[in-house]
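Peer 1: Below are the structure tokens for one structure; questions will follow.
The values are calculated or read from the model by the stated rules, or taken from the named source; none is laboratory data. As the structure is a computational prediction, the values presented were derived from the model and not from experiment. Backbone-built Cβ (ideal geometry, glycine too); neighbour counts: all protein chains shown. Side chains included, ligands, DNA and RNA excluded: accessible areas come from the protein's heavy atoms. Shrake-Rupley method; radii C 1.70, N 1.55, O 1.52, S 1.80 Å.
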Amino acid sequence: MEKILEVKDLEVSFQTYGGEVKAVRGVSFDLYKGETLAIVGESGSGKSVTTQTIMKLIPMPPGKIANGQILFNGDDIVPKTEKQMEKIRGKEISMIFQDPMTSLNPTMRIGRQIMEVLIKHQNMSTSSATERAVELLRLVGIPMPEKRIKQYPHEFSGGMRQRAMIAIALAASPKLLIADEPTTALDVTIQAQILELMKDLQSKMDTSIIFITHDLGVVANVADRVAVMYGGQIVETGTVDEIFYDPRHPYTWGLLASMPSVDNDGGAELTAIPGTPPDLTNPPKGDAFAPRNQYAMAIDFEEEPPMFQISETHFAKTWLLHPDAPKVEPPAVVQKRIRKLSSTFDKPVLVKEEK
Amino acid sequence: MAEKLIEIRNLKQHFNVGRPNLVKAVDGISFDIYRGETLGLVGESGCGKSTTGRSIIRLYDATDGEVLFEGENVHGTKSTKELKKFNRKMQMIFQDPYASLNPRMTVADIIAEGIDIHGLANSKQERMERVYELLETVGLNKEHASRYPHEFSGGQRQRIGIARALAVEPEFIIADEPISALDVSIQAQVVNLMKQLQRDKGLTYLFIAHDLSMVKYISDRIGVMYYGKLVELAPADVLYKNPLHPYTQSLLSAIPLPDPETERTRRRTSYDPDVHEYADGEEVQMREVSKGHFVYCSEKEFQKLQKQYKN
Ligand SMILES: Nc1ncnc2c1ncn2[C@@H]1O[C@H](COP(=O)(O)OP(=O)(O)OP(=O)(O)O)[C@@H](O)[C@H]1O
Ligand SMILES: Nc1ncnc2c1ncn2[C@@H]1O[C@H](COP(=O)(O)OP(=O)(O)OP(=O)(O)O)[C@@H](O)[C@H]1O
Ligand SMILES: [Mg+2]
Ligand SMILES: [Mg+2]
């Protein structure tokens with residue numbers, strides 16, 4: 001399979017009043033043509049910053065790419081100028097932002113905002129752009145789109161704004177679509193429609209998608225592979241089956257255990273992961289998750305764990321996979337999920353850092 | 001126990017009245033909210049959930065209908081003093097954490113705004129202590145107090161909004177998708193927190209959300225809206241076990257489950273409003289099919305549903 005994106009040892013930080021926030025601390029991943037990678041992880045763990053960096057959309061300063069490479073079709077994006085980026089953005093790579101209100105222009109009619117992309121990147125005439133804008137709004141499930149194109153963002157409901165953004169992002173038929181929580185404001189029926197629309201686009205155009213979401217049900221539905229982030233790092237990555245049926249990192253266990261199920265009658269408390277997220281101005285020594293990890297060992301507070309490989313496609317950054325680590329049992333709700341997958345190696349293999 | 005805290009009577013909220021682009025965002029809905037309960041509100045995007053919440057809290061002047069809080073009409077003319085009293089009793093956590101936080105204020109000032117307006121702290125020190133306590137309650141820490149909203153991630157901002165709402169110790173909180181921007185573990189923290197605050201302080205919630213498993217978990221009763229109307233209202237477990245309105249059925253069939261295998265084979269039922277085949281002039285309204293289980297239906301459908309219900 002062809003790689004469309006390779007992110008290598010990316011580090012991004014922000015200079016703030018309180019010090020330097022190390023938002024992304026050595027993130028590496030690949031994305032293949034036509035695949036969907038879901039990124040999940042704690043709020044504040046660097047999902048948005050990582051993906052915004054791919055489009056060079058973080059404010060610099062205070063932001064800065066401290067290290068790493070972002071190869072898009074083999075070409076490093078990091079040294080590119082703003083002018084060069086403008087050619088890529090919206091055309092090659094487009095993004096659906098987490099917050100529709102700050103990325104839609106409040107003073108411009110919705111229709112116009114979609115048309116601009118079409119006129120700029122697809123060289124469409126005004127009349128065909130109008131037609132296409134109406135069609136795109138219809139595709140994302142907005143009723144009476146002929147009327148709606150004349151409205152302003154504040155006249156749309158939260159979910160309708162989100163759908164307008166999706167329409168804008170799809171307008172240019174990008175090669176890489178980054179969707180930052182594109183469906184969080186949508187009800188499940190419209191969410192399902194949008195997910196199908198994205199899959200449809202993907203199969204027609206071989207689009208690659210990075211999909212950030214908190215909804216593990218959505219992950220199970222859309223993802224080929226999943227990356228789990230914590231404290232500015234990817235702590236586990238694998239195929240969707242590996243993450244849901246054979247998770248290895250205790251943070252991933254915590255995530256899976258936190259969800260209510262529809263059969264939960266509300267009697268029992270949800271199992272939240274205790275404690276607060278790490279302070280990224282002063283990241284802890286060792287494993288950033290250690291203070292909240294009930295399985296933490298002495299070494300977790302001393303030394304950052306390396307990546308271990310569990311299968312061709314499955315990696316986790318935890319000392320628990322070290323041959324000398326004691327055998328631990330994941331929480332009961334997680335154990336219920338676990339299956340033996342045929343792809344798993346006999347033993348986890350330490351991944352040597354290439355420096 | 002069932003004391004009514006809020007009564008909503010035939011509430012209507014129309015936008016652009018008298019113009020061709022009239023929107024009947026909320027179109028004649030009635031329901032009660034009991035003291036100490038959580039009423040979940042779900043429904044299609046754009047069906048009027050936020051508008052309902054905003055009208056209850058008087059962010060809009062209702063087109064028609066009334067909202068009674070402890071028997072008093074919220075929408076009647078009020079003196080500034082009375083308004084201030086209402087404002088303290090009812091708080092809203094907004095759907096859009098970006099638009100609702102003033103970018104030029106520090107987190108501490110945002111959270112303490114209500115404390116200042118209502119004079120709830122006797123000294124600067126007490127004010128800051130309260131802010132720190134609230135930050136901790138919502139899973140942030142002291143160091144965050146002096147920062148500005150843009151320095152936070154989406155989920156962190158949402159928690160600032162929650163801390164702000166809690167600051168004035170309200171009786172009733174309208175939470176408009178308070179957790180959809182949060183990761184599941186923090187969702188769990190916030191929901192546990194909301195439940196605990198409810199137990200400790202007897203808070204009442206109107207909880208608007210899309211995540212149906214979370215809504216079921218937190219709500220005592222759930223209302224389902226479709227195009228400005230309430231189409232079904234029932235105790236949470238009953239609604240999930242026995243959804244009667246076809247829109248509710250389609251919603252429940254679309255809940256994504258955290259299991260890749262089920263997702264690969266999932267089948268959804270979609271809702272077509274034409275299935276009802278209502279005749280002209282046929283009276284469609286909320287009817288109580290079984291105790292506490294209301295469905296928006298015609299007399300004919302009602303008869304059928306009642307028969308179905310028995311077996
Ligand atoms: N402009 C900025 N200035 C300072 N810090 C920032 C800035 N933008 C982001 N950060 C910090 O970077 C970290 C990562 O933020 P990011 O928005 O990537 O989180 P996220 O994983 O997308 O979280 P969420 O799920 O809540 O959206 C956070 O600690 C955040 O406070
Ligand atoms: N200020 C306004 N002017 C005109 N129309 C409006 C305004 N606010 C809301 N609407 C319209 O009212 C309807 C209901 O909107 P509302 O925001 O209440 O929906 P919602 O159920 O909260 O949806 P979502 O789940 O997407 O947030 C929508 O058709 C919306 O376009
Ligand atoms: Mg984010
Ligand atoms: Mg809304």
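Peer 1: Residue check, B:D274 against (1) open to solvent by 60 Å² or more (accessible area, probe 1.4 Å); (2) within 14 Å of chain A (Cβ to nearest Cβ); (3) out of contact with any Gly (no Cβ under 7 Å at 6 or more places or on another chain), all met but one. Which one?
Peer 2: Going through the list (1) open to solvent by 60 Å² or more (accessible area, probe 1.4 Å); (2) within 14 Å of chain A (Cβ to nearest Cβ); (3) out of contact with any Gly (no Cβ under 7 Å at 6 or more places or on another chain), B:D274 breaks only (2).
Peer 1: Additional query: Could you tell me whether segment A:201-213 includes any residue that is among the charged types (D, E, K, R) and under 28 Å from A:K22 (Cα atoms)?
Peer 2: No.
Peer 1: Now for a different question. Please find, among A:N105, A:N67, the residue that is more than 25 Å from B:D183 (Cα to Cα), open to solvent by 60 Å² or more (accessible area, probe 1.4 Å) and more than 16 Å from ligand 4 (Cβ to nearest atom).
Peer 2: Unique residue meeting the criteria: A:N67.
Peer 1: Scan (1) away from chain A (no Cβ under 14 Å); (2) surrounded by fewer than 20 Cβ atoms within 10 Å (Cβ to Cβ); (3) touching a Phe, Trp or Tyr at 6+ places or on another chain (Cβ under 6 Å) for the single condition B:M90 breaks and write down its number.
Peer 2: Failed condition: (2).
Peer 1: Consider segment A:205-234. How many of its residues are open to solvent by less than 10 Å² (accessible area, probe 1.4 Å) and either away from chain B (no Cβ under 13 Å) or in a strand (DSSP E or B) (or both)?
Peer 2: Matching residues across segment A:205-234 total 11.
Peer 1: If I ask for residues that are near ligand 1 (Cβ under 9 Å from one of its atoms) and buried (at least 19 other Cβ atoms within 10 Å of the Cβ), which ones from segment A:1-39 would you list?
Peer 2: Residues satisfying the conditions are A:V12, A:S13, A:F14, A:V21, A:K22, A:A23, A:V24, A:I39.
Peer 1: Can you say whether A:M165 is within 16 Å of ligand 4 (Cβ to nearest atom), part of a helix (DSSP H, G or I) and either touching a Pro at 6+ places or on another chain (Cβ under 6 Å) or under 15 Å from A:T36 (Cα atoms) (or both), as far as the supplied structure shows?
Peer 2: So A:M165 fits the description; yes.
Peer 1: Report the residue count in segment B:14-48 for those that are open to solvent by less than 20 Å² (accessible area, probe 1.4 Å) and modelled with pLDDT under 90. Step through it out loud before you land on a result.
Peer 2: Our first condition is that a residue be open to solvent by less than 20 Å² (accessible area, probe 1.4 Å); within segment B:14-48, this holds for B:25-26, B:29, B:31, B:33, B:37-43, B:45, B:47-48.
Imposing the further condition that a residue be modelled with pLDDT under 90 reduces the set to B:45.
Summing the residues that are open to solvent by less than 20 Å² (accessible area, probe 1.4 Å) and modelled with pLDDT under 90 in segment B:14-48 gives 1.
Peer 1: Still on this structure, please answer the following. Only one of A:P182, A:P153 is in contact with a helix residue (DSSP H, G or I) (Cβ under 8 Å, 6 or more places away or on another chain), surrounded by fewer than 23 Cβ atoms within 10 Å (Cβ to Cβ) and within 14 Å of another protein chain (Cβ to nearest Cβ). Can you tell me which?
Peer 2: Just a single option satisfies the conditions, and that option is A:P153.
Peer 1: Now a separate question. Within segment A:156-177, take every residue that is open to solvent by less than 10 Å² (accessible area, probe 1.4 Å) and within 19 Å of B:L182 (Cα to Cα) and give me the one that is farthest from ligand 2 (Cβ to nearest atom).
Peer 2: Out of the qualifying residues, it is A:Q162.
Peer 1: If I ask for residues that are within 16 Å of ligand 4 (Cβ to nearest atom) and assigned to a loop (DSSP other than H, G, I, E, B), which ones from segment B:202-219 would you list?
Peer 2: Hits for segment B:202-219 are B:A209, B:H210, B:D211.
Peer 1: Does segment B:213-226 contain any residue that is away from ligand 3 (no atom under 16 Å from the Cβ), within 22 Å of B:A112 (Cα to Cα) and among the polar types (S, T, N, Q)?
Peer 2: no
Peer 1: Any idea which residue in segment A:235-251 is least open to solvent (accessible area, probe 1.4 Å), counting only those that are β-branched (V, I, T) and more than 10 Å from chain B (Cβ to nearest Cβ)?
Peer 2: Restricting to residues being β-branched (V, I, T) and more than 10 Å from chain B (Cβ to nearest Cβ), the top hit is A:V235.
Peer 1: For B:I162, indicate whether it is away from ligand 3 (no atom under 16 Å from the Cβ), part of a helix (DSSP H, G or I), touching a residue at least 60 places away in the same chain (Cβ under 8 Å) and buried (at least 23 other Cβ atoms within 10 Å of the Cβ).
Peer 2: yes
Peer 1: In segment A:146-162, how many residues are away from ligand 4 (no atom under 15 Å from the Cβ) and touching a residue at least 12 places away in the same chain (Cβ under 8 Å)?
Peer 2: Adding up the residues that qualify gives 6.
Peer 1: Report the residue count in segment A:303-326 for those that are touching a helix residue (DSSP H, G or I) at 6+ places or on another chain (Cβ under 9 Å) and more than 21 Å from A:R225 (Cα to Cα).
Peer 2: 7
Peer 1: Residues to consider are B:Q158, B:Q91; find the one that is away from ligand 4 (no atom under 16 Å from the Cβ) and either touching a Pro at 6+ places or on another chain (Cβ under 8 Å) or acidic (D, E) (or both).
Peer 2: Going through B:Q158, B:Q91 in turn, the sole match is B:Q91.
Peer 1: Pairs please, first residue from segment A:85-100 and under 16 Å from A:I70 (Cα atoms) and assigned to a helix (DSSP H, G or I), second anywhere and more than 16 Å from ligand 4 (Cβ to nearest atom) and open to solvent by 20 Å² or more (accessible area, probe 1.4 Å), Cβ atoms under 8 Å, 6+ apart in sequence or on different chains.
Peer 2: A:M85/A:K56; A:I88/A:K80
Peer 1: Can I ask one more? For the subset of segment A:272-302 comprising residues that are touching a helix residue (DSSP H, G or I) at 6+ places or on another chain (Cβ under 8 Å) and of a type in the set (D, E), which member is farthest from A:V334 (Cα to Cα)?
Peer 2: A:D279
Peer 1: Please enumerate the residues belonging to segment B:49-86 that are open to solvent by 40 Å² or more (accessible area, probe 1.4 Å) and closer than 19 Å to B:R35 by Cβ.
Peer 2: Matches in segment B:49-86: B:E66, B:E70, B:G71, B:E72, B:N73, B:K85.
Peer 1: Could you go through segment A:252-269 and let me know if any residue there is open to solvent by less than 20 Å² (accessible area, probe 1.4 Å), more than 10 Å from chain B (Cβ to nearest Cβ) and modelled with pLDDT of 85 or more.
Peer 2: yes
Peer 1: Now, a different point. Inside segment A:20-79, can you point out the residues that are among the polar types (S, T, N, Q) and either assigned to a strand (DSSP E or B) or in contact with a Cys (Cβ under 9 Å, 6 or more places away or on another chain) (or both)?
Peer 2: Result: A:S28, A:T36, A:N67, A:Q69.
Peer 1: Only one of (1) within 11 Å of chain A (Cβ to nearest Cβ); (2) touching a Gly at 6+ places or on another chain (Cβ under 9 Å) fails for B:K24. Which number is that?
Peer 2: The number of the failed condition is (1).
Peer 1: Could you list, ordered by first residue, the pairs with Cβ atoms under 6 Å in which the first is in segment B:45-62 and within 8 Å of chain A (Cβ to nearest Cβ) and the second is within 16 Å of ligand 1 (Cβ to nearest atom), at least 6 apart or interchain?
Peer 2: Pairs that qualify, where the first residue is within 8 Å of chain A (Cβ to nearest Cβ) and the partner is within 16 Å of ligand 1 (Cβ to nearest atom), are B:S50/B:Q95.
Peer 1: Answer with yes or no whether A:Q98 is within 14 Å of chain B (Cβ to nearest Cβ), open to solvent by 30 Å² or more (accessible area, probe 1.4 Å) and more than 26 Å from B:Q13 (Cα to Cα).
Peer 2: When the stated conditions are applied, A:Q98 passes them.
This table checks each residue for (1) more than 7 Å from every other protein chain (Cβ to nearest Cβ); (2) of a type in the set (S, T, N, Q).
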{"residue": "B:F152", "(1), (2)": "yes, no"}
{"residue": "B:Q156", "(1), (2)": "no, yes"}
{"residue": "B:I173", "(1), (2)": "yes, no"}
{"residue": "B:A181", "(1), (2)": "no, no"}
{"residue": "B:Q189", "(1), (2)": "no, yes"}
{"residue": "B:M194", "(1), (2)": "yes, no"}
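Peer 1: I've got another one for you. Counting only residues that are more than 14 Å from the chain's Cα centre (by Cα), of a type in the set (S, T, N, Q) and assigned to a strand (DSSP E or B), which one in segment B:29-87 is nearest to ligand 4 (Cβ to nearest atom)?
Peer 2: Out of the qualifying residues, it is B:S30.
Peer 1: Please work out which one of (1) in a helix (DSSP H, G or I); (2) more than 16 Å from ligand 4 (Cβ to nearest atom); (3) surrounded by 22 or more Cβ atoms within 10 Å (Cβ to Cβ) is the condition B:G139 fails and give its number.
Peer 2: Against the list (1) in a helix (DSSP H, G or I); (2) more than 16 Å from ligand 4 (Cβ to nearest atom); (3) surrounded by 22 or more Cβ atoms within 10 Å (Cβ to Cβ), B:G139 comes up short only on (1).
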